[in-house]
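The values are calculated or read from the model by the stated rules, or taken from the named source; none is laboratory data. All values derive from a computational prediction rather than experimental measurement. Positions of Cβ are generated from backbone atoms using ideal geometry, with glycine treated the same way; all protein chains shown enter the neighbour counts.
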């Protein structure tokens, strides 16, 4: 819950792949969330946002205040537009309000390619 309106939000996203422990994989980017919500200027963050957009109420511009939720989320493979190898992944997100960390979120998931039924 965001108790006070915030108009200065930065998000750092990192994607990790498990290979004898989690190792950095493909994505390590920091974006200005308020600017991004006006115009999606970072393609990697755009991919992540597209996956979460339909399950959250984060789809508006700043300021953010009140309850911000992601509910009933599940990964829809048709939204993953990049070819990912099968494996265990970790998506870490650090949310900074006015340059101070407010949230640190880690999401782990297993992605399995279906090589027999590819379209």
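Taking the range 28-44 as the range and being in contact with a helix residue (DSSP H, G or I) (Cβ under 7 Å, 6 or more places away or on another chain), outside any loop (DSSP other than H, G, I, E, B) and surrounded by fewer than 16 Cβ atoms within 10 Å (Cβ to Cβ) as the test, only 29 passes. Taking the criterion of being more than 27 Å from residue 83 (Cα to Cα) and out of contact with any strand residue (DSSP E or B) (no Cβ under 7 Å at 6 or more places or on another chain), the only residue of the range 5-34 that qualifies is 7. Could you say whether any residue in the range 14-26 is touching a helix residue (DSSP H, G or I) at 6+ places or on another chain (Cβ under 6 Å) and either in a strand (DSSP E or B) or surrounded by 13 or more Cβ atoms within 10 Å (Cβ to Cβ) (or both)? No, the range 14-26 contains no residue that is touching a helix residue (DSSP H, G or I) at 6+ places or on another chain (Cβ under 6 Å) and either in a strand (DSSP E or B) or surrounded by 13 or more Cβ atoms within 10 Å (Cβ to Cβ) (or both). Considering the range 1-13, the residues that are at pLDDT below 90 and outside any loop (DSSP other than H, G, I, E, B) include one that is nearest to residue 29 (Cα to Cα), namely 6. Of all residues in the range 16-36, those being closer than 21 Å to residue 79 by Cα and at pLDDT below 90 number 3.
Can you give me the number of residues within the range 82-97 that are surrounded by fewer than 12 Cβ atoms within 10 Å (Cβ to Cβ) and either in contact with a strand residue (DSSP E or B) (Cβ under 7 Å, 6 or more places away or on another chain) or modelled with pLDDT under 80 (or both)?
Adding up the residues that qualify gives 3.
Of the residues making up the range 50-74, those that are in a loop (DSSP other than H, G, I, E, B), touching a residue at least 24 places away in the same chain (Cβ under 8 Å), out of contact with any helix residue (DSSP H, G or I) (no Cβ under 7 Å at 6 or more places or on another chain) and surrounded by 13 or more Cβ atoms within 10 Å (Cβ to Cβ) are 63, 68. Looking at the range 103-111, is at least one residue touching a residue at least 24 places away in the same chain (Cβ under 8 Å), farther than 25 Å from residue 2 by Cβ and surrounded by 14 or more Cβ atoms within 10 Å (Cβ to Cβ)? Looking for residues that are touching a residue at least 24 places away in the same chain (Cβ under 8 Å), farther than 25 Å from residue 2 by Cβ and surrounded by 14 or more Cβ atoms within 10 Å (Cβ to Cβ), one finds at least one in the range 103-111, hence yes.
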